[in-house]
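Okay, structure first, notes after.
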Amino acid sequence: MLVCSAVIGIFFATRGVHKTQDDYMMAGRKLTCIPVALSLTASFMSAVTVLGTPAEVYRFGIAFGLFAFAYVIMVLVSAEVFLPVYYRLHIVSTYEYLELRYNKKMRLLGTVMFMTLTILYTGIVIYSPSLALSQVTGFQLWGSVVSTGIVCTFYCTLGGLKAVIWTDVFQFMLMICGFLAVIFRTLVIKGGFAAVMNDARHGGRLRFWDFNPSPLQRHTVWTVIIGGSFTWLGIYGVNQSQVQRYLACKSRLHAKLSLYLNLLGLCVTLCSAVLSGLSMYSIYKDCDPWTSGFVGAPDQLIPYLVMEILGDFPGVPGLFVAGTYSGTLSTVSSSINALAAVTMEDLIKPHFKMSDSRMSRISIGMNLLFGTVCLAMAGLASKMGALLQAALSIFGIIGGPLLGIFAMGILLPFANPIGAFLGLICGFLVTLWVGLGSLIYPPSCEKTLPLHLSTAGCWKYNVTFTTPLTTTVDPTPPQRSFLHEYFYSLSYLYFSLIGTMVTFIVGAIVSAMAGGFQQTVESKLLFGKEDFIDNFVFWKSKWVQLYERLHPKVNPEEPVVSEGAVEDTA
């Protein structure tokens, strides 16, 4: 897998993809929708999904599958609201919009926040999967971390965005194959799909519709759909790593189609991950490896399952490991490429005049630099806790306020720089407060509602437990303050919602008070009704063209001569 990824980078390098800056960073804006759609799916449904989602379903049930509804909302808003504005501005860096709409300082602030977010997230993606796989499969930890980082930096630097897109396509296929290997092997062991679902039902894993309105419960219909929509919109709507891909499409139609096809890819990946989690529960319903001490963390559960049920099939465990590292590579390559793009467009290009060939060479250097930085940040991820929740929490804390100022600029004609700045600061401080509070004072089990994990059947394995199988409940638990019990216990999926709404509301109020209604904003920077109506006009014209081809009009001035009349004349 590593060799194939590197070869793809070499292939595009030999075809001269970085003759110009636009070729290197935006693939010449000639990409089509299908590879971009698969790349969008692979970039953030990565090792976080491969390791985190099955463990989430195993411990908490299939409520995580409600994210499919959040994906639909996210894609609709990204494609119909954000994309038309970005595409007509012909920008490379998403944060260039902030300068066009507000001022240079807002663009710089947005760039710095994005770079901080991306480097932290990339550290999680590099380190955590390597740690989980090394402890279960015996892979050398830092050897896999370094090799992953080097190969990723290599093909990003050589091949530019085209290499990143096509390696993502290859790596997405490997991720799905890894999931399918687990699912199909479990079906063989358990004797069919019905047996797996029956085990899940008896274990309480099929509780899907929980309409509890409390924002403190970890996963409900409302937290996943509403909170998840804002979390993922902060990724697909304003994050450079994703926006850069669909802006590199050869037309606005292809850009929109890439997002809608990506929705299909997201749903396929989510279903595969959820079924893998249910398969894992069906295998371990009587002897939980985590509670019984076979593994040290939930993120190690799925690799442990792979080694146990697929270990006798040569190469198949390696397929899953390759799929997991594929997820790491796809995300890290996206991050490196996006970091290099915003550095060039937002920090270097506005201040230095240079030739296009020189900018291309500097871009190559930026890829090398950020590959090294992301690799160095991997060590920090060991302090982040659970893989999936840590990743989504980071996006909520930083991505939510960024989404708020973009939404203000696109939707509110009276939004001004003062309102945007104060709204961004307030939104970030509030989400940071809640996020750090929940990390220091994690919510109680009454809020997270983990499901029962049994160790009744572990006697078959002659397991000696180092920890008691049952937890003794303290009759007088320590008193938690109002902040601990309610504010810090808020579902992590609401972090992005809080950041967005605080930023938007504060920004709107300050803008209105600071003379925002007296300013004039170019219409191309705003979302207008014509952006929505254009879709209907476009598809109506296509249907009319198709109808005219199938039913050609007859010119009324020309007499219609039947075939019989032609024969008589002859």
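The values are calculated or read from the model by the stated rules, or taken from the named source; none is laboratory data. Just so you know, these numbers come straight off a predicted model, no measurement behind them. All Cβ positions, even for glycine, are placed from backbone atoms using ideal geometry, and neighbour counts span all protein chains on display.
Among the candidates G228, G234, single out the residue that is under 14 Å from the mean Cα position of the chain (by Cα), crowded, with 20+ Cβ neighbours inside 10 Å, under 18 Å from G52 (Cα atoms) and not polar (S, T, N, Q). Quick ask: steps written out before the conclusion?
On the way: G234 fails: under 18 Å from G52 (Cα atoms).
Sole residue among the options that is under 14 Å from the mean Cα position of the chain (by Cα), crowded, with 20+ Cβ neighbours inside 10 Å, under 18 Å from G52 (Cα atoms) and not polar (S, T, N, Q): G228.
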Note to self: Anything in the stretch 355-405 that is more than 18 Å from the chain's Cα centre (by Cα), at pLDDT 80 or above and among the hydrophobic types (A, V, I, L, M, F, W, C)? List them, or say none.
What the structure shows: M359, I362, I364, M366, L368, L369, F370, V373, I405
Check: What number of residues within the stretch 262-290 are crowded, with 19+ Cβ neighbours inside 10 Å and not in a loop (DSSP other than H, G, I, E, B)?
Finding: 19
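If only one of D199, D168 is acidic (D, E), closer than 30 Å to V373 by Cβ and either outside any helix (DSSP H, G or I) or out of contact with any His (no Cβ under 7 Å at 6 or more places or on another chain) (or both), which one is it? Talk me through it step by step, then tell me what you get.
Values: D199 fails: closer than 30 Å to V373 by Cβ.
Exactly one of D199, D168 is acidic (D, E), closer than 30 Å to V373 by Cβ and either outside any helix (DSSP H, G or I) or out of contact with any His (no Cβ under 7 Å at 6 or more places or on another chain) (or both), namely D168.
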Notebook entry, point to check: Of all residues in the stretch 20-60 being outside any helix (DSSP H, G or I) and closer than 22 Å to P129 by Cα, which is nearest to the chain's Cα centre (by Cα)?
Noted result: M45
Check: If you go through the stretch 97-121 one residue at a time, how many are in a helix (DSSP H, G or I) and more than 22 Å from the chain's Cα centre (by Cα)?
Finding: 10
Next item on the list: Name the one entry in G160, G178 that is on the phi > 0 side of the Ramachandran plot and buried (at least 17 other Cβ atoms within 10 Å of the Cβ).
Entry: G160
Next item on the list: Tell me which residues, restricted to the stretch 197-225, are touching a Pro at 6+ places or on another chain (Cβ under 8 Å) and among the charged types (D, E, K, R).
Entry: R218
Check: Out of the stretch 181-213, which residues are under 16 Å from F60 (Cα atoms), in contact (Cβ under 8 Å) with a residue 60 or more places away in the chain and in contact with a helix residue (DSSP H, G or I) (Cβ under 9 Å, 6 or more places away or on another chain)?
Finding: M197, D199, A200, G203, R205, L206, R207, F208, D210
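Of all residues in the stretch 504-533 being part of a helix (DSSP H, G or I) and of a type in the set (S, T, Y), which is nearest to L253 (Cα to Cα)? Lay out the reasoning, then the answer.
Filtering the stretch 504-533 for residues part of a helix (DSSP H, G or I) gives 504-513, 516-518, 523-525, 529-533.
Within this subset, residues satisfying the condition of being of a type in the set (S, T, Y) are 511, 523.
Details: S511: 34, S523: 21 Å.
Here the answer is S523.
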Note to self: Let me confirm something: among V332, V342, V306, which residue is in a helix (DSSP H, G or I), closer than 17 Å to F139 by Cα, touching a helix residue (DSSP H, G or I) at 6+ places or on another chain (Cβ under 7 Å) and not polar (S, T, N, Q)?
What the structure shows: V306
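Could you please find all residues in the stretch 291-303 being surrounded by fewer than 24 Cβ atoms within 10 Å (Cβ to Cβ) and not in a loop (DSSP other than H, G, I, E, B)? Even if it seems obvious, please write down each step before you answer.
Here is the first cut: in the stretch 291-303, the residues surrounded by fewer than 24 Cβ atoms within 10 Å (Cβ to Cβ) are 291-298, 300.
If the condition is that a residue be surrounded by fewer than 24 Cβ atoms within 10 Å (Cβ to Cβ) and not in a loop (DSSP other than H, G, I, E, B), then P298, Q300 are the ones that fit.
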Check: Since A163 meets every condition but one in (1) out of contact with any Leu (no Cβ under 6 Å at 6 or more places or on another chain); (2) in contact (Cβ under 8 Å) with a residue 12 or more places away in the chain; (3) not in a helix (DSSP H, G or I), which condition does it not meet?
Finding: (3)
Notebook entry, point to check: For the stretch 61-96, what are the residues that are among the aliphatic types (A, V, I, L, M) and in a loop (DSSP other than H, G, I, E, B)?
Noted result: I91, V92
Notebook entry, point to check: Given (1) over 30 Å from Y58 (Cβ atoms); (2) surrounded by fewer than 24 Cβ atoms within 10 Å (Cβ to Cβ); (3) under 25 Å from the mean Cα position of the chain (by Cα), where does A338 come up short, assuming only one miss?
Noted result: (2)
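To keep it simple, each residue is scored yes or no on (1) surrounded by fewer than 18 Cβ atoms within 10 Å (Cβ to Cβ); (2) more than 30 Å from G311 (Cβ to Cβ); (3) not hydrophobic (A, V, I, L, M, F, W, C).
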{"position": "Y71", "(1), (2), (3)": "no, yes, yes"}
{"position": "S78", "(1), (2), (3)": "no, yes, yes"}
{"position": "L117", "(1), (2), (3)": "no, yes, no"}
{"position": "Q171", "(1), (2), (3)": "no, no, yes"}
Next item on the list: Could you tell me which numbered condition L180 fails, if it satisfies all but one of (1) over 20 Å from S279 (Cβ atoms); (2) more than 20 Å from the chain's Cα centre (by Cα)?
Entry: (1)
